[in-house]
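Inspection log for the structure reproduced underneath, given as structure tokens.
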């Protein structure tokens, strides 16, 4: 669905190592930190903002560079999957912190 013609350590990984193991986790941590005391609506709005920025960057890379090549993938898939994953991570971190607070 999606191809990364230029990859770091391409012999070992078929995905974008820098994005999936460095950039995206850092963005998720920052998202969690900025929404730590927020209400649900603000969390969703901030998640939409972060997801939009990441999706626009991916669209730019796909159109103007050779770093990403879409086959059957579209920017909508990126937006939805990133949004859902960030919300899931936010919810999971909330549960972990809640459990730690009561121990």
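The values are calculated or read from the model by the stated rules, or taken from the named source; none is laboratory data. As the structure is a prediction and not an experimental result, all values here were calculated from the model. Backbone-built Cβ (ideal geometry, glycine too); neighbour counts: all protein chains shown.
General remarks:
- Of all residues in segment 25-43 being under 8 Å from the mean Cα position of the chain (by Cα) and either surrounded by fewer than 13 Cβ atoms within 10 Å (Cβ to Cβ) or in contact (Cβ under 8 Å) with a residue 60 or more places away in the chain (or both), the one that is farthest from residue 93 (Cα to Cα): 25
- Checking each residue in segment 66-80 for being under 15 Å from residue 50 (Cα atoms) and buried (at least 16 other Cβ atoms within 10 Å of the Cβ) picks out 78, 79.
- Residue match in segment 39-47 (condition: closer than 16 Å to residue 20 by Cβ and in contact with a helix residue (DSSP H, G or I) (Cβ under 8 Å, 6 or more places away or on another chain)): no
- Residues within segment 63-88 that are at pLDDT below 95 and in contact with a helix residue (DSSP H, G or I) (Cβ under 8 Å, 6 or more places away or on another chain), tallied: 6
- Pairs with Cβ under 6 Å, 6+ apart, first in segment 45-58 and farther than 12 Å from residue 78 by Cβ, second not in a helix (DSSP H, G or I): 46/35
- Selection status of residue 50, surrounded by 16 or more Cβ atoms within 10 Å (Cβ to Cβ), within 18 Å of the chain's Cα centre (by Cα), part of a helix (DSSP H, G or I) and at pLDDT below 90: no
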